[in-house]
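Structure record follows, encoded as structure tokens.
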Amino acid sequence: DKLKLIVSAAEIITPGPGGVITQALIAEAWALCETESDMNDFYADERVPLIKSKANWKTSLGSALNSEALREKLDEESVKKLDENGAEINTIGSLMKSKGNISEGLSYDEYLMLMIMSLNDNVRLLRIMDIIQINMKYRYYRDFNMTEYFIGVRFSINANGRSYDFEDSYK
């Protein structure tokens, strides 16, 4: 449905072969508006769906068409047609607008955890080491370099009468 709206709006704004470029610009502007809406939800400690559907899309075509991001990229003639036909395009868009459902989805912390868990173990370890090095360098010791301390990990856990040993060297 959203693709049909984008194609219709682009044909009104830029008829002919140039409409394909306008379609891409509208889609980009609309995605930006939706992303900003999702970020505002994160800042308000609300949940955001992992996969967008018609039921949880919150922004309208009108918000994309009125955005500066789109207007800056269109030529003068296209902006003029957008202004002339804006009411008609918004009417088409409002007929297909859906209501958002914020109660579904993940919180910001859950999104971060999902991204962290999807990393390879070695990449995750290296990212943690980067953070340690940055914190040490800028808070305590300017000449701190993790490669001088980066040797490995060794620990033992005793649980339920059993002993578990772990050792891994990194150099």
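Modelled spin-label separation between residue 8 and residue 124, with each label point placed 7 Å from Cα along the Cα-to-Cβ direction: 4.6 nm.
Cross-link check: pairs 4/52; 2/73; 4/58; 2/58 evaluated at a Cα-Cα cut-off of 19 Å; pairs beyond the cut-off: 2/73. Treating r as the C-beta distance of residue 158 and residue 52 and R0 as 41 Å, the FRET efficiency rounds to 0.30.
Between residue 136 and residue 73, the contour length at 0.36 nm per residue exceeds the Cα-Cα span by 18.3 nm.
Accessible surface area normalised per residue over the chain is 71 Å², counting heavy atoms of protein chains with a 1.4 Å rolling probe.
Taking each residue as 0.36 nm, the span from residue 39 to residue 109 lengthens on full extension beyond its C-alpha to C-alpha distance by 23.9 nm. Spin-label pair residue 31-residue 147: with each label point 7 Å from Cα along the Cα-Cβ axis, the two points sit 3.8 nm from one another.
Compared with the dominant Cα axis of the chain, that is its longest principal axis, helix 76-95 is turned about 80°. Partner aspartates and glutamates whose Cα lies under 17 Å from the Cα of residue 80, excluding those fewer than 8 positions away in the same chain, are identified as 11, 68, 72, 88.
A DSSP coil position with no more than 11 other Cβ atoms inside 10 Å describes the following chymotrypsin sites (Phe, Trp or Tyr not before Pro) in region 106-171: 140, 141, 149. Entry note, the chain: the mean residue ellipticity at 222 nm calculated from DSSP H runs of n ≥ 4, each adding -39500 (n - 2.57), is -18500 deg cm²/dmol after division by the residues and rounding to the nearest 500. Solvent-accessible area assigned to carbon and sulfur over the chain amounts to 56 percent, based on a 1.4 Å probe.
The values are calculated or read from the model by the stated rules, or taken from the named source; none is laboratory data. Treat the numbers as computed from the prediction; the structure is a model and nothing was measured. Glycine gets a Cβ as well: all are built from the backbone with ideal geometry, and neighbour counts include every protein chain shown. In case anyone asks, the SASA skips ligands and DNA or RNA and just uses the protein heavy atoms, side chains included. Shrake-Rupley method; radii C 1.70, N 1.55, O 1.52, S 1.80 Å.
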